[in-house]
Amino acid sequence: MKLFVSLIIPTLLIGRISHATPAQVKPLVIAQAIAPAQDGTGTTVIPNGNGWDIQDGTVSGDNLFHSFDQFNVESNQTANFLTSPRIHNILGRVVGGNPSLINGLIQVTGGNSNLFLMNPAGIIFGNGTQLNVPADFTATTATGIGFADSWFNAFGVNNYTNLSSSPNAFRFDSSSPGGIINAGNLAVGEGQNLALVGGTVVSTGTLTAPEGTVTVAAVPGTSLLRVSQPGNILSLEIEPPTDTQGNPVPITPLMLPGLLAYGGNLELGLVVNNSGEVQLSNSGIGVETGDVVVNQVAGETVTFSAYRNLSLYQSQLVTTGDLNLLAQNRVLIRDSVANPFIAQAGGNLYIQGNQSIDILALNHLDQTPFVSGGNLSLVSDGIISTDAHFSSGNNFSILDLSGNPANFLSLYDPIFMLGDDFTSAGYFGAALKVETTGNINFTGNITINNPDVTLVGALPGTDEFILANSQALILRAGGNIATQDITTANPAGEAGPVILDAQGNITTSNITATSALGNGGEISLIGGGNITTDDLSTVGFGGNSGNIALTANGDIDTGIINSRSSNANGGGIALTANGNITIPEIDTSSDNSNAGDITLASQENITIIGNVNATGVTNSGNISLTGDEIDFPGELNSIGGTLLIQPATLNQGIRLGDDTNSASLDLLNTELANLQDGFSSITIGRSDGTGTITITEGANFSDPVIIAGGSTLASLDLDNTWSITGVNSGTLNNITFSNIENLIGGNLTDNFIFAGGSIASFDGG
């Protein structure tokens with residue numbers, strides 16, 4: 001049968017593993033390596049050269065059953081299971097109470113049978129172990145394998161006549177199921193499946209099932225594991241530990257220290273430290289009861305499921321299909337200086353640690369540790385730490401166990417490169433980059449608190465250089481970007497930049513790139529659609545404030561924009577939109593130095609609800625407003641700076657001093673009154689403009705005014721004095737104009753003084 005296995009395991013509390021020592025557990029001395037049990041099963045073991053032929057047994061339907069008192073295979077030895085074409089499954093149990101020590105070849109000849117090996121006391125595959133089986137191979141420390149309505153039990157009497165269907169479950173009656181250690185090369189043929197299922201499973205060797213399924217699972221005691229069909233979930237139930245008569249099970253499996261001692265001098269990739277704790281060699285990573293550890297695996301679909309922790313140290317995991325990494329407690333992933341960690345899935349890559357996910361794989365930046373052709377998911381109700389680089393062909397999601405977006409953090413270097421959408425709650429940690437052709441959605445806050453310290457030597461001008469040298473946030477999306485609050489603020493040093501670049505819309509809450517002692521960071525938002533934000537701040541309280549630049553193909557709608565500085569230069573503000581621009585308030589002022597410039601350019605309308613301040617002690621900033629309608633009911637202030645107000649469209653008319661808005665670019669008398677005295681000059685219109693500029697009686701200015709250009713200049717209905725100083729240029733009542741083709745006087749007397757001294761007077765009344 002084919003085992004397609006995925007696990008959901010309820011959380012159980014277990015105690016500390018027991019510590020067997022070499023003095024308590026003697027290494028195996030193989031006197032009779034494979035000994036049939038004298039229990040009526042009929043298994044016969046025949047010596048054959050450097051091995052044994054295993055034959056006879058009991059047949060039920062297309063299943064062949066064997067029972068062994070001991071099952072051990074030395075190095076260069078072969079355990080050969082004889083079968084026939086009519087046998088679909090071979091199932092062998094070991095009842096003697098000792099672990100199986102296998103360091104040779106296990107093979108099946110005579111048919112295309114699956115092989116199940118069950119020893120509740122534990123199984124050790126040494127580094128010399130190999131498989132030569134034509135179909136699936138399953139090794140388990142279960143106490144029973146289920147069939148429809150009956151069980152093939154690891155102890156006691158079996159009614160084999162009831163075991164004619166396909167295996168569909170594993171039963172673990174012991175309160176502490178036995179462990180499995182694999183240091184060998186376990187490989188099955190193309191399209192076949194490989195499974196290791198026990199109380200603790202450590203594979204420091206290799207597991208290979210090309211175009212097949214690899215399952216490694218550690219389960220709790222007193223549990224029942226049911227096998228499902230492809231695509232379904234293997235269920236687990238909790239039951240009391242009993243034998244077939246309801247009595248406690250007679251086997252007490254060895255825990256990991258005992259298994260290691262039993263393995264003698266075999267190199268298994270594990271050590272017992274002075275405290276009696278098992279660790280992966282040269283790693284410092286502990287292994288406890290209920291853990292799964294895997295070094296190398298290759299297959300189509302691979303699932304690791306740990307009752308407690310899943311530990312992957314410099315592992316090489318490659319699948320052509322899905323890769324599932326599951327743990328009831330923690331998923332721990334590490335690389336080393338010597339070897340990288342690789343999790344490469346042709347399909348989906350799913351990582352779930354119910355209590356936490358702890359990833360640190362940054363020693364080999366020349367390759368990406370986590371790669372999926374499909375979706376890539378990190379799922380936990382605890383801390384999710386992502387110090388690595390990730391690449392996904394489709395969606396990347398960081399979720400809690402309920403499927404909602406979850407927070408994640410990183411101490412050093414998180415970079416995500418995706419083919420579709422990115423989803424998470426919030427983020428806290430080192431400089432972050434997410435780049436995708438889809439959407440980026442953070443439902444929580446983003447806080448950057450330090451640069452990416454691993455990207456040493458990055459080239460200037462690259463994203464990596466920015467990340468390495470500042471506590472930066474870089475988000476690039478082929479779709480939309482949506483976040484809550486963003487902060488790259490630094491209380492002691494330089495604040496980092498915020499760079500958001502989307503082909504679609506950008507939507508954020510507050511963005512804060514301030515510094516208490518140093519310079520503020522820059523904010524750069526580029527959107528192919530609309531940009532909508534709350535307040536933006538780049539204040540450098542002890543240094544220069546950062547610049548703020550927003551560019552949108554649609555509308556820009558922000559909260560208060562603040563780039564003022566108390567002690568140094570204010571930051572510049574530049575907003576460019578093909579749609580409307582709406583802002584409550586802007587401040588680029590400086591209390592001790594230069595203020596920042598303010599540039600707002602809209603192809604439609606600009607609305608500034610509150611005040612605009614670009615005043616500096618040394619130099620004030622210049623203010624430039626471009627739009628076909630510009631409304632500013634608040635004050636515009638830049639003592640010593642310049643003010644430019646111009647339409648976006650060449651032929652848009654301009655009216656100065658009206659009481660109400662019209663279809664023209666209207667600067668109402670109330671708005672002109674809000675132009676605070678102190679501008680070095682005020683320029684209205686554009687030199688290439690072709691619209692009509694009309695000055696009404698309500699147009700009063702405190703500072704020098706320049707009309708930059710238009711087809712016609714129409715004066716107010718007062719006695720006006722025109723001074724024509726050159727071609728298409730001159731003054732009107734101390735208002736300078738240029739690039740004006742036509743002049744229209746008012747309804748009263750207009751006096752025209754020409755450059756040669758001629759005077760003409762026209763009475764419009």
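Coordinate-derived values only; no laboratory data. Quantities reported herein were computed from a predicted structural model and do not represent experimental measurements. Methodologically, a virtual Cβ is constructed for each residue, glycine included, from the backbone with ideal geometry; neighbour enumeration extends over all protein chains shown.
I need the calculated FRET efficiency for the pair THR725 and ASN751, taking r as the beta carbon distance and R₀ as 22 Å, to the nearest 0.05.
According to the calculation, E is roughly 0.90.
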(message) Quick check: Cα centre of the range 339-410 to Cα centre of the range 573-587, how many Å?
(response) 38
(request) Calculate for the chain the 222 nm mean residue ellipticity that helices alone would give, adding -39,500 (n - 2.57) per DSSP H run of length 4 or more and normalising by residue count, nearest 500 deg cm²/dmol. (result) -500 deg cm²/dmol
(message) If you take Cα Rg over 2.2 N^0.38 Å from the coordinates, which of [x] 1.75; [y] 2.26; [z] 1.41 do you get?
(response) [z]
(request) Give the shape of the range 650-708 as rounded, prolate or oblate, defined through the alpha-carbon gyration tensor: a ≥ b ≥ c are the square roots of its eigenvalues, a/c under 1.5 means rounded, and otherwise the shape is prolate if a/b is larger than b/c and oblate if not. (result) oblate
(message) Counting pairwise Cα distances across the range 490-637, what percent come out greater than 17 angstrom?
(response) 56
(request) Return the distance in nm (one decimal) between the two label points of a simple spin-label model at ASP659 and ASN363, each offset 7 Å from Cα along Cα→Cβ. (result) 8.1
(message) Counting only trypsin sites (Lys or Arg not before Pro) that sit in a DSSP loop (anything but H, G, I, E, B) with at most 11 other Cβ atoms within 10 Å, what is the longest stretch of the chain containing none of them?
(response) 87-765
(request) Pull out a ≥ b ≥ c, the square roots of the eigenvalues of the alpha-carbon gyration tensor of the range 427-536, then state rounded if a/c is under 1.5, prolate if not and a/b is larger than b/c, and oblate in the remaining case. (result) oblate
(request) Can you give me the P(r) profile for the range 641-765? Cα pairs, bins 5 angstrom wide beginning at 0, each as a whole percent. (result) 2, 11, 21, 25, 22, 13, 5, 1
(message) Quick query: amide H of THR208 versus all other amide H atoms, modeled in the peptide plane; which residues come in under 5 Å with a sequence gap of 5 or more or a different chain?
(response) LEU186, ALA187, VAL188, ALA298
(message) Can you give the FRET efficiency to the nearest 0.05 for ASN282 and VAL617, using r as the Cβ-Cβ distance and R₀ = 56 Å?
(response) 0.35
(request) Rank VAL456, THR532, PHE442 by how far each Cα sits towards the positive end of the charge dipole of the range 430-537 (+1 on Lys, Arg Cβ; -1 on Asp, Glu Cβ) and give me just the farthest. (result) PHE442
(request) In whole angstrom, note down how far apart the Cα centers of the range 461-519 and the range 669-727 are. (result) 41
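With both bridge residues required to lie in the chain, what share of the DSSP beta bridges run antiparallel, to the nearest 5%?
So the antiparallel bridges in the chain amount to around 15 percent.
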(message) I need the shape label for the range 300-411. Rule: rounded when a/c is under 1.5, else prolate if a/b > b/c, else oblate, with a, b, c from the alpha carbon gyration tensor.
(response) rounded
(request) Return the long-range amide H neighbours of SER315 (sequence gap of 5 or more, or a different chain), with a cut-off of under 5 Å between placed amide H atoms. (result) ARG334, ILE342
(message) Quick query: amide H of ALA477 versus all other amide H atoms, modeled in the peptide plane; which residues come in under 5 Å with a sequence gap of 5 or more or a different chain?
(response) THR436, ASP501, ALA502, GLN503
